[in-house]
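One structure is given below, encoded as structure tokens.
The values are calculated or read from the model by the stated rules, or taken from the named source; none is laboratory data. Worth saying up front: this structure is predicted, and the values here are computed from it rather than measured. With ideal geometry, Cβ positions are generated from the backbone for all residues, glycine too; neighbour counts draw on all protein chains shown.
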Amino acid sequence: MKLKNGAEYIESLRKVHPRIYYKGKRIEDVTRHPATAPHVRAAAMTYALANQAKYKDLATATSHLTGHTISRFTHIHQNIEDLIKKIKLLRVLGQKTGTCFQRCVGFDGINAAYSVTYEIDQKYKTDYHERFKRWLIGIQDENKMVVGAMTDPKGDRSKTPAQQSDPDQFVHVVERRPDGVVIRGAKLHMTGSVNSHEILVMPTTALDAQSKAYAIVCAIPIDAPGITLIFGRQAGDDRRDQLERIDVGKPRFGAVGGEAVIAFEDVFVPNEKIFMDGETEFAGLLVYRFAAHHRANYGACKTGLMDVLTGAVSYLSQIQGASQGSHVKDKVTEMIHLSETLYSSSIACSAEGKPTPSGAYLVDTMLANVCKHNVTRFHFEVARLAVDIAGGFIATLPSEYDLESEEVGHLVQKYFSGVADIPVKERIKIGRLIEAMTGGTAMVESMHGAGSPQAQRIMILREGRLDEKIKLAKALAGIPGKKRKK
Ligand code: SF4
Ligand code: FE
């Protein structure tokens, strides 16, 4: 692994020069800019854990392509153990960062593309899989961070990609050259994109035969000509201008994944980096597998966040003298119960994983969808309970400037204290942490990341084997007869 630790990862980002804008201005160095630096540090944790004896087994793997020790985030799952280790790793990283550490999107894209390119080649005798493996070996050996770029803007949602009045609403091929293709379009909500080294472009939806130009999977360096990133605003991001102040809540790490728009304005992709080009019938399969892997994650990374929240409100209760209240204990119990329930479904969909024809393992897709769907409820319920226990002060706290003010500091000190011997600053810090983890932009990812709830409901019904369930009911009720039309 070329990039051996978090410091080397951060240093490597200073050597690439993507075109990134935030609040109308160019960001020259994502590792130092207050808007992006916290996300860089969160992603750096995925590199750091590989060096810690306690987590090495989770954070690294042996490449089935080279036999080299690699970051698990670049590994192709070879068995159920790999799937489960990933889940355990994500929970630890959620606990250590309290936020999205971003690297799983590329990880899941790599695994989905690996298995699908194999199947395209089987059908069409193409060589996408070999190309993909060559690219992947480079990613593994260099230990690069890859952003999985899937979500297109979509324009008029009632129309397919080929029917859009603006064809750029979905990334597509606009020009063919002997040595490659030129693509145009954009990807939205791209977690971790500003601090990735490479982009893995994938289609966002199943495609009809008319949408051949949209069936493109390819890899592009983040600073390739024609690529522009526009970093999103987050609630409270102005507070980051004073990174060291306790008002930030979680000064080392960001509130969510650090999402950006990636615009592709006529970007050239050489043939060797193209892994699907026109095989429309495989686009849906790729999205399906990517989504399943990513939905499996959410019961792990978000459980890590819920662990932090549970710890935060428990400590706050202690330093406010409320921890022995039966209602507090009951709510904390419920928070733990919900967290472990979510984690169970992440483990379950991994334990039920199966090999794809390429040999790469895929999680159980039904259980993965159930897992993510539960995150859209349980994480919110855990956050609701945290806010309930914490009390209104997390929304009305004066700033650190007031705490330190010669005129009013003594008032903040006096009236925001808790039990004796606990510095008031500690109570404020933990309150700010809860605020940062429950409000503003923080929770949106749990609703819409890895697909909005309706996307999971569609899959749950589609894979729910209703016919079999009807048969079971009829057999027990003693109802003979044929299958009815729906
Ligand atoms: Fe990874 Fe979770 Fe962030 Fe998705 S939301 S990239 S699974 S940490
Ligand atoms: Fe996400």
Taking the stretch 249-269, which residues are away from ligand 2 (no atom under 16 Å from the Cβ) and outside any strand (DSSP E or B)?
-> G249, K250, P251, R252
Residue list for the stretch 281-317, filter: of a type in the set (G, A, S) and more than 16 Å from ligand 2 (Cβ to nearest atom) | A283, G284, G311, A312, S314, S317
Pull up the stretch 221-251, narrow it to residues that are more than 20 Å from the chain's Cα centre (by Cα) and of a type in the set (A, V, I, L, M, F, W, C), then point me to the one that is nearest to N271 (Cα to Cα).
-> A224
Report, ordered by the first and then the second residue, all pairs with beta carbons closer than 7 Å, sequence separation of six or more or different chains, a first member in the stretch 86-108 that is within 29 Å of F132 (Cα to Cα) and aromatic (F, W, Y), and a second member that is in a helix (DSSP H, G or I) and within 8 Å of ligand 1 (Cβ to nearest atom).
-> F101/L93
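Residue-by-condition table, conditions (1) more than 16 Å from ligand 1 (Cβ to nearest atom); (2) in contact (Cβ under 8 Å) with a residue 12 or more places away in the chain:
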{"site": "H410", "(1), (2)": "yes, no"}
{"site": "E426", "(1), (2)": "yes, yes"}
{"site": "M437", "(1), (2)": "no, yes"}
{"site": "E445", "(1), (2)": "no, yes"}
{"site": "R465", "(1), (2)": "yes, no"}
{"site": "E468", "(1), (2)": "yes, no"}
Could you tell me whether any residue of the stretch 360-380 is among the basic types (K, R), assigned to a helix (DSSP H, G or I), in contact with a Phe, Trp or Tyr (Cβ under 9 Å, 6 or more places away or on another chain) and under 17 Å from R295 (Cβ atoms)?
-> yes
Which numbered condition K273 fails, given (1) assigned by TED's automatic domain parsing to the domain that holds L136; (2) within 23 Å of the chain's Cα centre (by Cα); (3) of a type in the set (K, R) | (2)
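Looking only at residues that are assigned to a helix (DSSP H, G or I), of a type in the set (V, I, T) and crowded, with 22+ Cβ neighbours inside 10 Å in the stretch 70-88, which one is farthest from ligand 1 (Cβ to nearest atom)? Quick ask: steps written out before the conclusion?
Step one: of the stretch 70-88, the residues assigned to a helix (DSSP H, G or I) are 72-74, 80-88.
Narrowing the set further to residues that are of a type in the set (V, I, T) leaves 74, 80, 84, 87.
Subset that is crowded, with 22+ Cβ neighbours inside 10 Å: 74, 87.
Values: T74: 14, I87: 10 Å.
Checking each candidate, the answer is T74.
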Quick one: which of A383, A442 is in a loop (DSSP other than H, G, I, E, B), in contact with a helix residue (DSSP H, G or I) (Cβ under 8 Å, 6 or more places away or on another chain) and within 20 Å of G98 (Cβ to Cβ)?
-> A442
Only one residue in S358, S314 is touching a Ser or Thr at 6+ places or on another chain (Cβ under 9 Å), under 26 Å from I246 (Cβ atoms) and not charged (D, E, K, R). Which one?
-> S314
Residue in the stretch 30-59 that is modelled with the lowest pLDDT, counting only those that are of a type in the set (S, T, N, Q) and crowded, with 21+ Cβ neighbours inside 10 Å = T36
Long-range neighbours under 7 Å by Cβ, at least six apart or interchain, first residue modelled with pLDDT of 95 or more within the stretch 328-344, second outside any helix (DSSP H, G or I) | V328/A322
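Name the one entry in R91, R26 that is assigned to a strand (DSSP E or B) and of a type outside the set (F, W, Y).
R26
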Pick out the one residue from Y21, Y9 that is within 21 Å of the chain's Cα centre (by Cα), of a type in the set (F, W, Y) and at pLDDT 95 or above.
-> Y9
Inside the stretch 151-185, can you point out the residues that are in a strand (DSSP E or B) and either in contact with a helix residue (DSSP H, G or I) (Cβ under 7 Å, 6 or more places away or on another chain) or among the hydroxyl-bearing types (S, T, Y) (or both)?
-> H172, V173, G180, R184, G185
Please tell me if G449 is touching a Cys at 6+ places or on another chain (Cβ under 8 Å) and either modelled with pLDDT under 95 or in the same structural domain as Y298 (by TED's automatic domain parsing) (or both).
-> yes
Is it the case that L3 is at pLDDT 95 or above and under 17 Å from G192 (Cβ atoms)?
-> no
Answer with yes or no whether T441 is touching a residue at least 60 places away in the same chain (Cβ under 8 Å), closer than 15 Å to G249 by Cα and either within 16 Å of ligand 1 (Cβ to nearest atom) or in contact with a His (Cβ under 9 Å, 6 or more places away or on another chain) (or both).
-> yes
Is there a residue being modelled with pLDDT of 95 or more and exposed (fewer than 13 other Cβ atoms within 10 Å of the Cβ) anywhere in the stretch 390-406?
-> yes
